[in-house]
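Scroll down for the structure; my scribbles are underneath it.
The values are calculated or read from the model by the stated rules, or taken from the named source; none is laboratory data. On a predicted model such as this, the values are computed, not experimentally measured, just so you know. As a convention, Cβ positions derive from the backbone with ideal geometry for all residues, glycine included, and neighbour counts pool all protein chains shown.
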Amino acid sequence: MSRATALILAAGLLLRTVLAVILPPGYDESYYLFYGQHPALSYFDHPPAVALWSAAGQSLPWLSLWNPVLALRLPCLISNTIALALLASATERWSGARAAWIAAAVGSLSPLLLVCSGLLLLPDSPLILSLSLLMWWLSRHPLNGVRSTRQSLLFGVILGALCLTKYQALLMVLTLLLLRLHDAWQSGAWRWRDTALVLVGWMAVSWPLWVWNAQHGWASFLFHAGRTAATGYQWQGPPLFLLSQLALLFPSIGVLLLVTLFRGRGGVLHALVWPQLVLFLVLAGRMQVLSSWLVPAWWLLLPSAAALLARPERWRRLWFRAVVLTTAVLTPLLSVVAAAHVRWGIASALLPVAADTSGQLLDPAVLRQAIQRNPVIWKALVEAQLVASNRYELPGFMALALRGHSDARFTTYAADSRAFDAWRDQLDPKAQRGVLFAVLGDYAPLSSLEAGGQGTPWRLLGPIQKLGTVSVIRAGRVVAQLEFAAFDPSTLRRQ
C-alpha cells in the first residue's frame, strides 16, 4: 500500500468517525439495534451479517454506555476502512498505484457511498466489505482462469459470505454464474469440477440463510417479493431516482461513474453493475426504491473510474483540476454541515418546519433529557418490564435513550411489525408493567391499540392509562412530540 493510499484511508476514517459522533441514529439503525440481541432471527429482513455487526458494536459495554450510537457504528467504521484497502489493492493490480489511491479517495468522498457503506449501521457495510474482497480476489484470479482445489473452494466461500450480507447479493452471484457459463460455452472448457467446488464453498457458508427460510416458510423472500406488489406504473420514477442517485453521490462523482459505465471497459465488474442498475431503475416506477440499493453497483465502478482519472493528460486541463479540487473540498464540508443540522438544527431558520423531517431522528441523550423533565413518564419507563411502540422503527430510539437506566424488553404492536413478531416468544409472558409510546398525531395512535382499531392486529383487553406527552426540542423548535401510556402487557391479545 502506498503512502498516499494510507493517508486517504486515515483521513476517510477520521471523517466518518466525526460524522458518526455527530449524527443521531437513523430509523434502520434503531431497528437493527435489536438484530444484535436476536441475531438468529434477523433473517426476516436481511441475512445475518448486519446482526453480527450490531452485536459486535454492542459487545463493548463501556462504549455502549458512553456513546451507544458510536458503539453501533464502530464495526462499520472499521469494515469500510478494510473495504477501501481491498478496493485500492485490486485497483492497483488492474491499473497501477495512482489509480489505487484515486479509487480510495472517491470511495471516501462520495456522501452516498461513505454514509451507507462506512458510517450507518446498514447491511450495505458488510456487503461492501464482501464485495471489495470479491474484487480483490478477481484481480488475482480471473473469473475464467484455471484454479486449484483450494482456490475454487475459497472463491465459493467469498460468494457465500457475500450472500450473507444482503439479499440483492444473490443477483450478483447469479450474474457471475451466467458469465461463467457464457465463457464455458464459447471456449468449450466447462470445468465441471471447478464449478462444483465453488458451489460447495458457497453452500458451506451460505447454508444458514437457506435453512432458516426453509424452516420459516421462506418468509424473507415472500416479504421482499410482496414489496413489489403495487398497481400501475409511474414512468417518471426511474429518471427521478437516477437523478437523486447522482445528487447523493455528489454530481461530479455521479457523472464520472455514469461516464465510466457507458464506456464499457470494465469487464466482469461492469457486467455485475448492469443487472442491478436495470432492475432497480425499473422497480423505481413501481415502488419506493431506497437510495442505498444501488450502492454496490456504484462501488463496483470505482476501479474503472479511478483508471479513467489516473491518466496524466487529464490533469493538465485546468477545468478538470478545478472540478477535482471543488469535489475534494465540498464533499466533506457539506457532509459535516448536513450532519450538524440533523443533530443541532443549524439551518432550521432556512427550512420550513413541514419540509425538514431530520428532527424526527431522535438523539438518545436529548430524548432522555426531554423524558426526565416529566418525572411520571420517566419513573414508568425505568420501572417498566416492557416498552412498546406503534411503529417498528421507534423502540430502538427509546432503547438507546434508556441504556443503563432500564432492564425492559422492547417490541412493537403494528400491522407492519417486521421481525418483532419473530421475537415475541422471548418476551416475559408474566410482565405486567408496560409503557406504550407513539408519535403524537401518528397514523396509529395509542387509543387504536386499546380499541383494536385499524393499524394494528393487536387489542388490549384491559385499559391504558395515559401518562402524558413529551416534546423534543431542537434549535428552539419542537421537532417531535411523543405520547405515553401505561398498560398491562398480559392483557394484550392478537385479534
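Okay, here's what the table says:
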{"read-out": "Qualifying residue in region 409-422 (condition: farther than 17 Å from Leu482 by Cβ and modelled with pLDDT of 90 or more)", "value": "yes"}
{"read-out": "Some residue of region 313-321 being in contact with a Phe, Trp or Tyr (Cβ under 6 Å, 6 or more places away or on another chain), of a type outside the set (Val, Ile, Thr) and not assigned by TED's automatic domain parsing to the domain that holds Ser244", "value": "yes"}
{"read-out": "Condition met for Leu120 (under 20 Å from Arg343 (Cβ atoms), out of contact with any strand residue (DSSP E or B) (no Cβ under 7 Å at 6 or more places or on another chain), in the same structural domain as Val255 (by TED's automatic domain parsing) and assigned to a loop (DSSP other than H, G, I, E, B))", "value": "yes"}
{"read-out": "Test for Leu143: is it touching a residue at least 60 places away in the same chain (Cβ under 8 Å), assigned by TED's automatic domain parsing to the domain that holds Leu129, of a type in the set (A, V, I, L, M, F, W, C) and more than 27 Å from His46 (Cα to Cα)", "value": "yes"}
{"read-out": "Residue match in region 60-80 (condition: outside any helix (DSSP H, G or I), outside the structural domain of Gly404 (by TED's automatic domain parsing) and touching a Gly at 6+ places or on another chain (Cβ under 8 Å))", "value": "no"}
{"read-out": "Selected residue (criterion: surrounded by the fewest Cβ atoms within 10 Å (Cβ to Cβ)) from residues of region 35-46 that are modelled with pLDDT of 85 or more and either over 12 Å from the mean Cα position of the chain (by Cα) or basic (Lys, Arg) (or both)", "value": "Gln37"}
{"read-out": "Members of region 272-302 found to be of a type in the set (Val, Ile, Thr), within 20 Å of the chain's Cα centre (by Cα) and more than 22 Å from Leu129 (Cβ to Cβ), listed by number", "value": "Val289"}
{"read-out": "Residue match in region 469-486 (condition: surrounded by fewer than 20 Cβ atoms within 10 Å (Cβ to Cβ), in contact (Cβ under 8 Å) with a residue 12 or more places away in the chain, more than 25 Å from Gly345 (Cβ to Cβ) and not assigned by TED's automatic domain parsing to the domain that holds Pro25)", "value": "yes"}
{"read-out": "Exclusive hit being free of Cβ contacts under 8 Å to residues at least 24 places away in the same chain, in a helix (DSSP H, G or I) and among the hydrophobic types (A, V, I, L, M, F, W, C), set Phe280, Phe262", "value": "Phe262"}
{"read-out": "Matching residues in region 301-323 - criterion: being outside any helix (DSSP H, G or I), among the aliphatic types (A, V, I, L, M) and surrounded by fewer than 20 Cβ atoms within 10 Å (Cβ to Cβ)", "value": "Ala310"}
{"read-out": "Filtered residue count, region 59-85, keeping only those that are more than 20 Å from the chain's Cα centre (by Cα) and at pLDDT 95 or above", "value": "1"}
{"read-out": "Top-ranked residue in region 433-442 [being part of a loop (DSSP other than H, G, I, E, B) and surrounded by 13 or more Cβ atoms within 10 Å (Cβ to Cβ); ranked as modelled with the lowest pLDDT]", "value": "Asp442"}
{"read-out": "Residue list for region 17-34, restricted to those being of a type in the set (A, V, I, L, M, F, W, C), more than 24 Å from Trp212 (Cα to Cα) and crowded, with 18+ Cβ neighbours inside 10 Å", "value": "Leu19, Ala20, Ile22, Leu23"}
{"read-out": "Out of Ser139, Ser148, Ser89, Ser110, sole residue that is buried (at least 22 other Cβ atoms within 10 Å of the Cβ) and either closer than 28 Å to Gly36 by Cβ or not hydrophobic (A, V, I, L, M, F, W, C) (or both)", "value": "Ser110"}
{"read-out": "Index of the failed condition, Ala384 passing every other in (1) in contact with an Asp or Glu (Cβ under 8 Å, 6 or more places away or on another chain); (2) in contact (Cβ under 8 Å) with a residue 40 or more places away in the chain", "value": "(1)"}
{"read-out": "Candidate set: region 146-173, residues that are touching a residue at least 24 places away in the same chain (Cβ under 8 Å) and not in a helix (DSSP H, G or I); chosen: the one nearest to Pro126 (Cα to Cα)", "value": "Thr165"}
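Here is a yes/no grid of residues against (1) in contact with a Ser or Thr (Cβ under 8 Å, 6 or more places away or on another chain); (2) of a type outside the set (A, V, I, L, M); (3) outside any helix (DSSP H, G or I):
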position	(1), (2), (3)
Ser252	yes, yes, no
Leu257	no, no, no
Pro275	yes, yes, no
Met287	yes, no, yes
Trp293	no, yes, no
Trp299	yes, yes, no
Leu325	no, no, no
Ala328	no, no, no
Arg343	no, yes, no
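Yes/no per residue for (1) of a type in the set (Asp, Glu); (2) within 22 Å of Gly107 (Cα to Cα); (3) within 25 Å of the chain's Cα centre (by Cα); (4) surrounded by fewer than 15 Cβ atoms within 10 Å (Cβ to Cβ):
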residue	(1), (2), (3), (4)
Ala365	no, no, yes, yes
Ile377	no, no, no, no
Asn390	no, no, yes, no
Glu393	yes, no, yes, no
